[in-house]
Amino acid sequence: MAIAALKTQRRNLVQSMFDEGVLDNQFNQLQDLQDSSNPNFVEEVISLFCNDAERIITELNRYLNDQNVDFSKLDSYVHQLKGSSSSIGAYRLKLACVNLRQASEERNMEECAGAFNSIRREYYVVRSKLQVLIQLERHIVNLENQQ
Amino acid sequence: MEMAVDKTQFHVLAVDDSLIDRKLIERLLKTSSFQVTVVDSGSKALEFLGLNDDEHEQRDSNSDEDQDHQDLGVNLIITDYCMPGMTGYDLLKRIKKSSCFRDIPVVIMSSENIPSRINRCLEDGAEEFLLKPVQLSDVNKLRPHLMKARSNERLFDQH
C-alpha cells in the first residue's frame, strides 16, 4: 500500500534526523500542535523559519565581511537565529549559533568565520531534509484525501 | 450590564518580537483553549491595553474610560524578555505601575537561563518565568494563576 510505504519513509526520515541530532524533541512538540484544525502548522512554521534564517545568514555574511566587524550587531542576529532554531528543534544549527556567539564574544575572527560556515552548512542540511519531509507529508495527505 | 467578554474563557495577551515564536505561542495558547491576542512589541501591548508609554497615566483611576479597559478582558500577559526597544522587563514594570492593570498576572519567557534575570523579574511582580522553547506543559502552569486572579477579582467585586 503506497500510503503505508510513504509513512514508513517519513518515520525513518524523522528518526534519522533525531539520531543525527539535526532535530531534537522540540520538533515533536511542533508536530503535536498540528491537528485537523491546523493541518499545515508544521509546514507553515518551517516556511517562516527558513525565510527568517536565510535573511539572517545573509546579514551575518555581510557583517562578517566588513572591515570593522560590528560584533554587537552580529551577536543580535545570531541570538535571533539561535532562538528560532531552538523553537523549531533544529538542534545542530542551534549549537552552531552558540559557537558563533562564543567566537564573537572572544572577538576571534578566524573562529567566527569557521562558526559561520558551520551555521550555513547546518542550515542547508536541516532545510533540505525538512523539505523532503514536507513533500512526503503532502504526498501522504493527497493519497489519504483520495481514499 | 452585558459583559463583552465570555467569562468562562481566559484571554491572554502574548508579546514577542520573533515571528516564529509568536506563531508558536499563539498555537500553544489556543490549543489550551485560551483566547489569544498576539503583538510584536511592548509598546503595541501597551497600546492594546490603552496605556501610553508615559510614566504617568493621564486618566484618573475612576474615569469611565477605565471601564472600557476592563472589558478588553485581558486575564494574563505573557511576554518575551529580550525585545528591541521595550524589554519584557520594562513592560512588566509598566504594567505593575498601572492602577488598572497591575493585578493582571504577567509571565516572562526567555531563551536564556540567567538566574539574576529570573530573580529580578519574579521579585518585581512576574508570576512565572518560562524558559524557551515554551512547551504545552508550561502553558498548563498558567491556568492556576488565572483562576486565582479571577477569584480575587470576584472577591473584590463583592465588597
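Data for the structure
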{"read-out": "Any hit, the stretch B:147-157, residues being open to solvent by 60 Å² or more (accessible area, probe 1.4 Å), of a type in the set (Phe, Trp, Tyr), under 19 Å from B:Ile95 (Cβ atoms) and free of Cβ contacts under 8 Å to residues at least 24 places away in the same chain", "value": "yes"}
{"read-out": "Residues being under 16 Å from the mean Cα position of the chain (by Cα), surrounded by fewer than 20 Cβ atoms within 10 Å (Cβ to Cβ) and in contact (Cβ under 8 Å) with a residue 12 or more places away in the chain - total across the stretch B:118-128", "value": "3"}
{"read-out": "Positions within the stretch B:93-113 being within 14 Å of chain A (Cβ to nearest Cβ) and open to solvent by less than 60 Å² (accessible area, probe 1.4 Å), in sequence order", "value": "B:Met109, B:Ser110, B:Ser111, B:Glu112"}
{"read-out": "Residue match in the stretch A:76-87 (condition: touching a residue at least 24 places away in the same chain (Cβ under 8 Å), hydrophobic (A, V, I, L, M, F, W, C), surrounded by 18 or more Cβ atoms within 10 Å (Cβ to Cβ) and within 14 Å of another protein chain (Cβ to nearest Cβ))", "value": "yes"}
{"read-out": "Scope the stretch B:96-117; condition without any contact (Cβ under 8 Å) to a residue 40 or more places away in the chain, under 22 Å from B:Leu29 (Cα atoms) and touching a Ser or Thr at 6+ places or on another chain (Cβ under 9 Å); matching residues", "value": "B:Val106, B:Val107, B:Ile108, B:Ser111"}
{"read-out": "Any hit, the stretch A:2-18, residues being within 17 Å of A:Ala90 (Cα to Cα), within 11 Å of chain B (Cβ to nearest Cβ) and touching a Phe, Trp or Tyr at 6+ places or on another chain (Cβ under 9 Å)", "value": "no"}
{"read-out": "Among the candidates A:Gln29, A:Gln9, A:Gln34, residue that is touching a residue at least 60 places away in the same chain (Cβ under 8 Å) and closer than 30 Å to B:Ser33 by Cβ", "value": "A:Gln29"}
{"read-out": "Matching residues, the stretch A:121-147, being modelled with pLDDT under 95, open to solvent by less than 60 Å² (accessible area, probe 1.4 Å) and of a type outside the set (A, V, I, L, M)", "value": "A:Glu137"}
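The values are calculated or read from the model by the stated rules, or taken from the named source; none is laboratory data. A quick note: this is a predicted structure, and the numbers were derived from the prediction, not measured. Methodologically, a virtual Cβ is constructed for each residue, glycine included, from the backbone with ideal geometry; neighbour enumeration extends over all protein chains shown. Note: accessible area is taken over every heavy atom of the protein model, side chains too, but ligands, DNA and RNA are not part of it. Shrake-Rupley method; radii C 1.70, N 1.55, O 1.52, S 1.80 Å.
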